[in-house]
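**Q** Can you read through this structure? Questions will come right after.
The values are calculated or read from the model by the stated rules, or taken from the named source; none is laboratory data. Predicted, not measured: the structure shown is a model, and the values here were computed from it. No Cβ is skipped: glycine too gets one built from the backbone with ideal geometry, and neighbour counts run over all protein chains shown. In case anyone asks, the SASA skips ligands and DNA or RNA and just uses the protein heavy atoms, side chains included. Shrake-Rupley method; radii C 1.70, N 1.55, O 1.52, S 1.80 Å.
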Amino acid sequence: MTRPQPLTGRDNAYYWEGVAKGSVLIQKCTVCGSLRHPPSPMCPDCQSLDWTTVSATGRAVLHSYTVCHHPLPPWEEGPYAVVLIDLEVEDSDEHPRIVCGTRGISSEELRIEMPLRLVFEDGLVFAGPEADS
Ligand SMILES: [Zn+2]
């Protein structure tokens, strides 16, 4: 069985199109400038319907995680981690969060507040170990 692909609609198509091209795009209100994620049609701060996107830089910090042992979906080898990461975003001090899986790092290696980087694979985004600089 193959991994199910994300369901896309008018509100989140920009996000998955960005991921397919290797970037995470975050909604930015064009009226008050606040960032928001997950995708939504209206700014929760000022109720504007006007928005644009800004790009995550690819750097992130581990905010929290869980390790799934059972039941495992057929496309995962387990146990596997699901992580909540704080994204670094271009030209912003805000750190919107996304939930994703991991690549290239074991559950035992995960530590809260550790630096991670975004990894793009099969039209999805994952968190991996920080790149050597
Ligand atoms: Zn706003």
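**Q** At 1.4 Å probe radius, can you tell me the per residue accessible area of the range 23-99 in Å²?
**A** For the range 23-99, the solvent-accessible area averages 57 Å² per residue.
**Q** For a bin width of 10 Å, list the pair-distance distribution of the range 3-58 built from all Cα-Cα distances, rounded to whole %.
**A** P(r) for the range 3-58, in whole percents per bin: 25, 52, 21, 3.
**Q** Gap in Å between the Cα centre of the range 52-66 and the Cα centre of the range 72-133?
**A** If you average the Cα positions of each part, the centres end up 8 Å apart.
**Q** Using a 7 Å offset from Cα along Cα-Cβ at residue 17, what residues in the range 96-128 end up with backbone N under 14 Å from the label point?
**A** The answer is none.
**Q** Under a plain spin-label model, where a point goes 7 Å from the Cα along Cα-to-Cβ, how far apart in nm are residue 68 and residue 94?
**A** Here the answer is 2.8 nm between the modelled labels.
**Q** Ignoring ligands, DNA and RNA, please state the percent of accessible area on the chain from carbon and sulfur, probe 1.4 Å.
**A** Ligands and nucleic acids excluded, carbon and sulfur reach 50 percent.
**Q** Quick check for me: using +1 on Lys/Arg Cβ and -1 on Asp/Glu Cβ, what's the dipole size of the chain about its Cα centre, in debye to the nearest 20?
**A** Approximately 320 debye in magnitude.
**Q** Filter the trypsin sites (Lys or Arg not before Pro) in the range 1-97 down to the DSSP loop ones having no more than 16 other Cβ atoms within 10 Å, then list what survives.
**A** Counting only loop positions with at most 16 other Cβ atoms within 10 Å, the trypsin sites (Lys or Arg not before Pro) in the range 1-97 are 10, 21.
**Q** Let's test the formula: R0 of 22 Å, r as the Cβ-Cβ distance of residue 108 and residue 3. What FRET efficiency results, to the nearest 0.05?
**A** That pair, residue 108 with residue 3, gives E of 0.40.
**Q** Could you run the Debye sum over the Cα atoms of the chain, one equal point scatterer each and no solvent, and tell me log10 of I(q)/I(0) at q = 0.09 Å⁻¹, two decimals?
**A** Taking Cα atoms of the chain as identical point scatterers yields -0.28.
**Q** Another question about this same structure. What does the extension gain come out to for residue 10 and residue 42, with contour length at 0.36 nm per residue minus their alpha carbon separation?
**A** Gain in length upon complete extension: 10.2 nm.
**Q** Taking amide H atoms as placed 1.01 Å from N in the peptide plane, list the residues 5 or more away in sequence, or in a different chain, whose amide H sits under 5 Å from that of residue 98.
**A** 85, 87
**Q** Could you compute how much accessible surface residue 57 exposes when probed at 1.4 Å, giving the result in Å² to the nearest 10?
**A** Accessible area, nearest 10 Å²: 50 Å².
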